[in-house]
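Scroll down for the structure; my scribbles are underneath it.
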């Protein structure tokens with residue numbers, strides 16, 4: 001029999017038996033992208049409709065009964081940072097055996113000796129509370145062995161049957177206290193039937209008190225027993241009244257958890273504790289380890305093996321919950337219903353009788369309905385179809401199936417047939433067609449107020465609010481349909497299959513594609529992970545809705561399915577994850593700004609009647625767009641959008657200074673250069689390796705793509721291009737204008753070892769590398785960004801003796817020297833706090849702007865650009881400026897423009913005086929090339 005089956009082998013080869021915990025989930029499309037559910041195997045059942053599971057072909061249709069666990073985010077809106085925390089439930093369901101994905105481990109918090117070590121292990125969860133899905137309430141879960149305030153015979157039964165006790169939070173201190181016995185009858189005192197003396201702290205049954213107590217004292221009042229009251233009266237009569245020291249309450253029971261480990265003390269038994277935790281056993285009675293024992297429990301009922309174990313609540317019977325109605329008139333069976341009574345046949349308006357018609361009558365109805373439609377689109381209009389079917393049903397009932405008298409020319413909805421009366425009412429079955437000026441006014445209102453339709457209605461006085469609400473639904477559906485068609489056409493145009501299909505990794509081979517979660521051929525639009533933005537993964541998984549892309553890498557995909565955690569990359573510590581941002585961000589269609597408290601009085605023609613509609617005053621748009629650097633939403637203005645390539649970037653992270661009225665027409669520098677031809681059309685970064693081009697970035701022969709921060713490039717002094725990231729995070733590079741990050745200088749001063757060192761990420765040389773802030777690894781800046789490394793700026797304290805020679809900045813209440821840092825993705829933390837690239841201070845400046853202004857500005861006040869370039873060239877060629885055979889005159893040349901005495905050129909970084917020769921009392925000169933004809937500068 002299947003019920004006697006001890007274990008079942010899953011597709012990954014792992015054997016699962018009764019009371020094991022598993023991941024359970026239907027296919028991806030059925031569960032709509034939600035994570036796996038965690039459950040406990042209660043029993044194996046035969047296939048539906050059969051009595052046994054033996055024989056061939058029965059394994060695939062075997063069923064299993066599962067006891068579910070909930071995640072806190074599934075039952076409430078609160079965000080819980082611990083992805084390993086679950087909520088138990090006394091709720092089971094029968095599922096197909098094919099929905100089991102893998103094995104996991106769930107244990108109560110108090111049974112674990114090393115909770116932190118347990119949570120670090122894969123597929124390990126814990127719980128300490130229970131959620132009841134019927135009464136929508138959470139309960140505390142206690143170990144049955146920890147409950148003390150119970151009679152011996154009841155506690156023995158509970159401990160022998162159940163592992164855990166479920167109770168309300170306010171009952172836990174009473175259950176964990178020592179056993180309470182009545183001082184009169186020496187029997188157990190349950191909390192709801194007993195009272196405690198306020199002086200001697202002894203317990204009594206309310207019925208054992210003489211006279212019996214009818215109710216407990218009100219909140220704020222105490223009760224004293226008869227001996228204590230008599231003793232107090234004697235003290236009052238004798239005049240010797242002194243404060244009575246109350247008896248201290250009994251100490252709380254000792255906890256079952258282990259001794260807290262001191263900080264810095266090594267854990268020697270870590271491996272032993274992990275092994276012990278995995279081998280813990282849990283008692284089950286009739287398939288359940290839980291039993292409710294709370295406020296609404298009779299203790300003696302727990303002795304009955306058939307007593308219900310589910311959580312209970314207070315009764316819902318009484319005048320507080322039921323309506324008290326007076327006695328109605330006595331009526332005999334068959335009496336006609338009163339006309340004013342509700343719920344009878346006389347109050348039901350029949351909308352359709354198509355179900356009573358024959359097939360020929362239905363064909364006749366469909367033909368007449370098509371003839372009545374003046375336009376084809378009316379055949380798909382819900383309002384028109386509803387009224388047409390209602391009128392034809394009425395004609396069918398009145399004229400015995402004759403529909404010839406039915407027409408749809410009248411736009412008024414007729415009252416239901418009642419006593420031969422048909423009178424039009426002031427309700428239309430379909431709204432009047434919207435005019436072009438009304439649609440323009442409606443769209444202007446949506447752009448200004450969002451989905452606050454009451455405010456939008458102010459822009460259209462000719463329409464009522466219900467009409468605006470109905471039109472908003474149609475208008476939004478039309479926009480979504482157009483967007484879906486556009487996205488489909490774009491995906492078909494850009495869809496390119498990879499050379500080799502990707503197969504699951506051996507470690508994740510149990511996740512076969514029967515779940516429908518593996519993306520075998522990622523498209524160009526989905527070229528990186530939606531969580532960590534990596535572009536390399538052995539397996540790509542489908543991502544939930546609402547993320548930048550529709551795929552997740554192997555690590556993030558597993559984290560989402562198992563732990564409901566997208567494993568956000570360290571670079572975005574302050575940015576909320578994709579599985580939590582959906583709950584924090586406003587849903588689509590809601591306004592991003594609240595409407596004004598009071599609408600200004602207007603005169604003259606309204607916006608609906610104006611032709612064309614008035615143009616609103618130029619203001620900063622309130623639409624929220626996502627920056628490609630920090631992946632945070634920001635208003636359009638702080639986050640700029642290129643009108644040519646749709647590149648999105650914070651203005652402070654790109655060195656863009658845009659006036660408010662020019663935000664809508666901003667164009668990035670690469671697109672602008674295609675028209676102005678200010679710099680080279682080859683936009684490859686000079687600081688990155690140029691042997692090959694990343695095939696992921698090939699799109700319309702443009703490099704890099706607009707959906708990456710590497711699209712932000714700046715021109716150099718030699719009309720080349722450099723990534724903003726590369727120019728900022730390589731220390732030798734500077735800017736002629738640090739506020740706009742323009743005209744990158746100093747590329748030639750980068751040391752040789754940066755160009756010759758191999759990148760640890762791409763394995764190539766040729767580009768300038770930087771070193772990790774935590775380890776000696778070196779890599780290109782662009783490679784570090786592609787692989788998801790952490791970029792930021794740290795502030796180091798500066799000694800008072802060095803503040804005169806060090807640039808000290810103030811950023812977010814910190815004072816010190818700011819340094820640009822890149823950390824490998826493998827490092828979980830950095831020694832100091834790092835500020836993100838787009839993180840702003842009180843003045844609204846980003847960390848990148850503050851750093852570049854303080855440390856990246858070239859000395860333009862002391863020399864012009866050509867002279868700075870010539871001096872850098874001399875530094876490369878080791879030319880001395882002070883003494884030696886290769887002396888360069890730093891005095892200004894007064895006698896006209898110098899020229900070379902050999903080649904007669906007038907253009908050279910430096911002109912060297914020709915020793916021993918004077919022509920017409922003027923110095924003879926040699927250009928740099930003629931001065932060093934063999935290339936030897938020494």
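Looking at region 174-190, which of its residues are touching a residue at least 60 places away in the same chain (Cβ under 8 Å) and in a helix (DSSP H, G or I)?
175, 176
Any chance region 129-142 includes a residue that's surrounded by 15 or more Cβ atoms within 10 Å (Cβ to Cβ) and either at pLDDT below 90 or part of a helix (DSSP H, G or I) (or both)?
Checked against the condition, which is being surrounded by 15 or more Cβ atoms within 10 Å (Cβ to Cβ) and either at pLDDT below 90 or part of a helix (DSSP H, G or I) (or both), region 129-142 yields no hits at all.
Which count do you get for residues in region 656-693 that are in a loop (DSSP other than H, G, I, E, B) and farther than 18 Å from residue 636 by Cβ?
16
Determine which single condition residue 91 fails, assuming it passes every other condition in (1) in contact with a helix residue (DSSP H, G or I) (Cβ under 9 Å, 6 or more places away or on another chain); (2) modelled with pLDDT of 90 or more.
Tallying (1) in contact with a helix residue (DSSP H, G or I) (Cβ under 9 Å, 6 or more places away or on another chain); (2) modelled with pLDDT of 90 or more, residue 91 fails exactly one: (1).
Kindly list the number of the only condition in (1) at pLDDT 75 or above; (2) part of a loop (DSSP other than H, G, I, E, B); (3) surrounded by fewer than 16 Cβ atoms within 10 Å (Cβ to Cβ) that fails for residue 340.
Going through the list (1) at pLDDT 75 or above; (2) part of a loop (DSSP other than H, G, I, E, B); (3) surrounded by fewer than 16 Cβ atoms within 10 Å (Cβ to Cβ), residue 340 breaks only (1).
Answer yes or no: is there a residue in region 830-844 that is assigned to a strand (DSSP E or B) and more than 26 Å from residue 757 (Cα to Cα).
yes
Against the conditions (1) in contact with a strand residue (DSSP E or B) (Cβ under 6 Å, 6 or more places away or on another chain); (2) assigned to a helix (DSSP H, G or I); (3) surrounded by fewer than 18 Cβ atoms within 10 Å (Cβ to Cβ), where does residue 748 fall short? Just the number, please.
(1)
Given the options 171, 159, 195, 166, name the one that is without any contact (Cβ under 8 Å) to a residue 24 or more places away in the chain and either within 23 Å of residue 289 (Cα to Cα) or outside any helix (DSSP H, G or I) (or both).
Just one listed residue meets the conditions, 159.
What about residue 556, is it closer than 27 Å to residue 648 by Cβ, in a loop (DSSP other than H, G, I, E, B) and modelled with pLDDT of 80 or more?
Taking the combined requirement at face value, the residue does not satisfy it.
Which one is modelled with the highest pLDDT among residues in region 266-283 that are over 14 Å from residue 165 (Cβ atoms) and assigned to a loop (DSSP other than H, G, I, E, B)?
Of everything passing the filter in region 266-283, 281 is modelled with the highest pLDDT.
Working only within region 772-792, note down all residues that are surrounded by fewer than 18 Cβ atoms within 10 Å (Cβ to Cβ) and either under 24 Å from residue 857 (Cβ atoms) or not assigned by TED's automatic domain parsing to the domain that holds residue 723 (or both).
none
Out of region 202-216, which residues are farther than 13 Å from residue 185 by Cβ and either surrounded by 13 or more Cβ atoms within 10 Å (Cβ to Cβ) or modelled with pLDDT of 85 or more (or both)?
213, 216, listed by residue number.
Pairs, please: C-beta under 6 Å, at least 6 apart or cross-chain, first residue crowded, with 16+ Cβ neighbours inside 10 Å and in region 364-377, second at pLDDT 80 or above and part of a helix (DSSP H, G or I)?
Within 6 Å, the pairs are 365/392; 369/388.
Just to check your reading of the model, which residue among 51, 61 is modelled with pLDDT under 75 and either under 30 Å from residue 549 (Cα atoms) or surrounded by 15 or more Cβ atoms within 10 Å (Cβ to Cβ) (or both)?
61
Please state which of the following conditions residue 209 fails to meet, knowing it meets all the rest: (1) closer than 19 Å to residue 292 by Cα; (2) in a loop (DSSP other than H, G, I, E, B); (3) without any contact (Cβ under 8 Å) to a residue 60 or more places away in the chain.
Residue 209 satisfies every listed condition except (1).
Test residue 801 against the stated conditions and say whether it is surrounded by fewer than 18 Cβ atoms within 10 Å (Cβ to Cβ), closer than 20 Å to residue 849 by Cα and over 30 Å from the mean Cα position of the chain (by Cα).
It is false that residue 801 is surrounded by fewer than 18 Cβ atoms within 10 Å (Cβ to Cβ), closer than 20 Å to residue 849 by Cα and over 30 Å from the mean Cα position of the chain (by Cα).
The values are calculated or read from the model by the stated rules, or taken from the named source; none is laboratory data. The structure presented is a predicted model; accordingly, all values stated were derived computationally and were not measured. Glycine gets a Cβ as well: all are built from the backbone with ideal geometry, and neighbour counts include every protein chain shown.
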